[in-house]
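Here's the structure, in structure tokens; my notes come after.
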Amino acid sequence: MPLLENGHIVDDAWVTVTGDDPIPATGAVIVPFARLEEGLARAGDTPLGVTIGPDVDVALLRPALPRLGLVAVTFTSFRDGRAFTQARALREHLSFTGEIRATGKPLPDQYKFMLRCGITTVQTERPEAVSVWQQAHEIISVAYQPSILHERAQGLGFRRFVS
């Protein structure tokens, strides 16, 4: 599956562990939230990431965040925006500086909003859709809400700056 960063395809250095597969002792590994303790028990400072579902409270990750290099948030459908909230909370409330990856079923229409919430990479399920993601990154430029990117909101969001 292609991995996009800033509208461009990048190499994925992370290995995702699924189910009961053994966790490799070395290398960058993404583990499910249920196996986070097992991943943290790996020796050394090998890169560790975690995949969380939309029902996980990101505050539960606070003790592990210094050790995590990646948090993958899951978009289950276009109607479920909890992954946006999780990404924003990781950046603004928990000061997470690592990679936040969008997985599951994100839509290209949501790409600019993902970036504004702190998501850095998107793992798409359909390789043929990469050009659509790249276009969405270039075309959508107007936003009304504040951003973690330190951009100034346009339109109605501007009202809070006017005295």
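None of the figures in this text is laboratory data; all of them are computed from the coordinates on show. Since this is a predicted model, take the numbers as computed values, not measurements. Neighbour counts run over all protein chains shown; Cβ positions are idealised from the backbone, glycine included.
A few points about this structure:
- Cα shape, region 67-106, gyration tensor, a/c 1.5 rule: oblate
- Radius 13 Å from Cβ of LEU65, net charge of other residues (Lys, Arg +1; Asp, Glu -1): +2
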